[in-house]
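Student: Here it is, the structure, as structure tokens.
The values are calculated or read from the model by the stated rules, or taken from the named source; none is laboratory data. Note that this is a predicted model, so its numbers are computed, not measured. We place every Cβ from the backbone using ideal geometry, glycine too, and count neighbours over all the protein chains shown.
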Amino acid sequence: MSAQDYMVLTVITLWLLVLLWFKRNNLKLKRSQKILTSEYKTKLRDDGIKITLSFDDYTVNEKRRYATVRAKDYYSDSLKSAMYNSHDEIEVEYIDSIIEANVEIDGLVYTFECSVPLDKDNLLIKLYMQKEINVYYDPDTEGYFFDLHFLD
């Protein structure tokens, strides 16, 4: 092998190491964000105000949005070759349901909202079966979260 071959091999190896380093740091960042979110929710559960909402205390609205994606990114390879040209674009529908509750705390009315990636009918069935949901609210930071662990 010549010196140029070693240099090319070294550059490729360095690029691979840099890519692996970025991937590792990205995974670490995602993990730390999950931990911070979990700690925040635990703090709200411990120190915040627990608001229990019955099924009649909130409304659920549906939000639909559409996005155009390339067919090759959306379908498996076998479906792509059978159905689409690799450059075709398709329209994808995303459905989210929004839980909205107006709650009076110390004489003031607060609106709490939570977006859930489920269609309205399925979400309403699950919420009806649950009977009650909890919202944890921190009056100091005005942060809140809906405890919807039963949807997991």
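Student: Scan region 99-118 for residues that are part of a strand (DSSP E or B) and farther than 22 Å from V60 by Cβ and jot them down. Lay out the reasoning, then the answer.
Tutor: If we filter region 99-118 for residues that are part of a strand (DSSP E or B), which is where we start, we get 99-105, 108-116.
Passing the criteria: only L108.
Student: Sticking with this one: For region 102-119, does any single residue satisfy the condition of being surrounded by 15 or more Cβ atoms within 10 Å (Cβ to Cβ), of a type in the set (S, T, N, Q) and without any contact (Cβ under 8 Å) to a residue 60 or more places away in the chain?
Tutor: no
Student: Here is a check on your reading of the model: is I125 free of Cβ contacts under 8 Å to residues at least 12 places away in the same chain and under 18 Å from T59 (Cβ atoms)? Give the steps one after another, and end with the answer.
Tutor: On the way: free of Cβ contacts under 8 Å to residues at least 12 places away in the same chain: yes; under 18 Å from T59 (Cβ atoms): yes.
Yes, satisfied.
Student: Let me ask something additional. At least 1 residues that are of a type outside the set (K, R), closer than 25 Å to D147 by Cβ and at pLDDT below 80 in each: list the helices (runs of 4 or more DSSP H) lying fully within region 1-98 that qualify.
Tutor: Result: 3-47.
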